[in-house]
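The values are calculated or read from the model by the stated rules, or taken from the named source; none is laboratory data. Every value quoted in this text rests on a predicted model; they were computed, and no experiment measured them. Ideal geometry is used to build each Cβ from the backbone, glycine not excepted, and the neighbour counts take in all protein chains shown. Each accessible area value is taken on the protein alone, full model and side chains, heavy atoms only, with ligands, DNA and RNA left out. Shrake-Rupley method; radii C 1.70, N 1.55, O 1.52, S 1.80 Å.
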Amino acid sequence: MSNNIYFPPSLQGFEPKRMVFSTWVDHLPFAYDLVAAIRPELIAELGVYNGLSFFTFCQSMVDHDIDGVAYGIDCWEGDEHTDAYDDSIYNEVVEHAREHYRGNTYLLRMFFNEALQHFNDNSLDLLHIDGLHTYEAIQEDFTNWYPKVKPGGIILFHDVMAKIKDFGAWKYFEELEQQYDDVFRFNHGFGLGVMRKEGGAPSDEPLLRLLFSKDEEDIKRLRQFYVHAGHFLEARRQATFWRQSRKGGKKGGQGKADQGKGE
Ligand SMILES: C[S@@+](CC[C@H](N)C(=O)[O-])C[C@H]1O[C@@H](n2cnc3c(N)ncnc32)[C@H](O)[C@@H]1O
């Protein structure tokens, strides 16, 4: 990164079509750029909830003319960390998928273990693990789904810096960092772990080279870059919201949660 300019697609006018409250918000520019960089044929997400991360992957596929398919898997019942929720969340996600991503997005309402049978080994270009965050649950999800990922495919782990309650993604990810070579961690926004499965052809994509560079300076600057990208996106969203509120005479509601959909 030191001598090259890194100017990814998220800086060139990325406006999330889906904006709902989720701690995933800080990683949206990275998710958008990652999909543009790897051009996945097949994505699976374990844990969709209200779809913030999932629909960012989908949006990047559409914006970059990627002829792939994204599967979102969730029981849409909630778990010990999200608490139980009602069908309105699922219904809203279905509606958004129908409206924007008909044909390249499939929602599998089932438990992760039930969905396993629908995927071939070595088939996924991108796997996002974001279900229950206990150590045991992350270990189970990783162990079951790792064989489904292509050699050279990418696996994301959310909340690898969240050391609250009985969250254990941080501990499991620390162990993976010891065992595997191509592993990267964003520390901001509760943390996002990125891992590249061994094998596959090396990529020339700048983002992938930076992610798995062993250069301390590259790593530091990539982390800083996406902290700023997250803030920049949020500031732009706030400004848009403020302008729209003024036009429509709306008052208040400046918080992320209050803004609802950013469409
Ligand atoms: C942390 S939320 C997902 C957050 C989402 N990725 C976002 O962008 O905000 C976790 C979701 O995983 C689901 N979940 C947890 N364990 C599951 C399992 N074993 N099978 C199916 N769904 C599960 C819950 O219903 C919940 O909706």
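Provide the gained length on full extension for the span residue 144 to residue 121, in nm with one decimal, where the gain is 0.36 nm per separating residue minus the Cα-Cα distance.
Full-extension gain reported as 7.2 nm.
Would you please give the residues with an amide H less than 5 Å from that of residue 124, counting only those at least 5 places away or on a separate chain, with H modeled from the backbone geometry?
149, 150
What ranking do 204-213, 172-181 get when scored by the average of other Cβ atoms within 10 Å per residue, highest first?
204-213, 172-181
Which order do the peptides 98-111, 69-82, 43-56, 123-136 come out in when sorted by mean C-beta neighbours inside 10 angstrom, highest first?
The densest-packed peptide leads the list: 43-56, 123-136, 69-82, 98-111.
Per residue, how many Å² of accessible area does the chain show with a 1.4 Å probe?
About 49 Å² of surface per residue is accessible.
Could you give the dipole magnitude of segment 1-127 about its Cα centre, charging the beta-carbon of Lys and Arg +1 and that of Asp and Glu -1, in debye to the nearest 20?
Taking the Cα centre of segment 1-127 as origin, the dipole is about 420 debye.
Counting Lys and Arg as +1 and Asp and Glu as -1, each charge on the Cβ, what is the dipole of segment 9-259 about the Cα centre in debye, to the nearest 20?
Dipole about the Cα centre, nearest 20: 1300 debye.
Just to check, using Stokes-Einstein with a Kirkwood Rh over alpha carbon pairs, what's the diffusion coefficient of the chain at 37 °C and 0.692 mPa s in µm²/s?
174
Given points 7 Å out from each Cα along the Cα-Cβ axis, report the residue 113 to residue 182 separation in nanometres with one decimal.
Distance between the two pseudo-spin positions: 3.1 nm.
Amide H to amide H under 5 Å from residue 71: which residues, 5+ apart in sequence or cross-chain, H placed 1.01 Å off N in plane?
Correct list: 43, 44, 45, 106.
Which of 30, 244, 42 sits farthest toward the positive end of the charge dipole of segment 9-259, with +1 on the Cβ of Lys and Arg and -1 on the Cβ of Asp and Glu?
Toward the positive end, the furthest listed residue is 244.
At a Förster distance of 25 Å, what's the computed FRET efficiency of residue 82 paired with residue 238, Cβ-Cβ distance as r, to 0.05?
0.45
Would you mind counting up the charge near residue 144? Only other residues with Cβ under 14 Å from its Cβ, with Lys and Arg at +1 and Asp and Glu at -1.
-4
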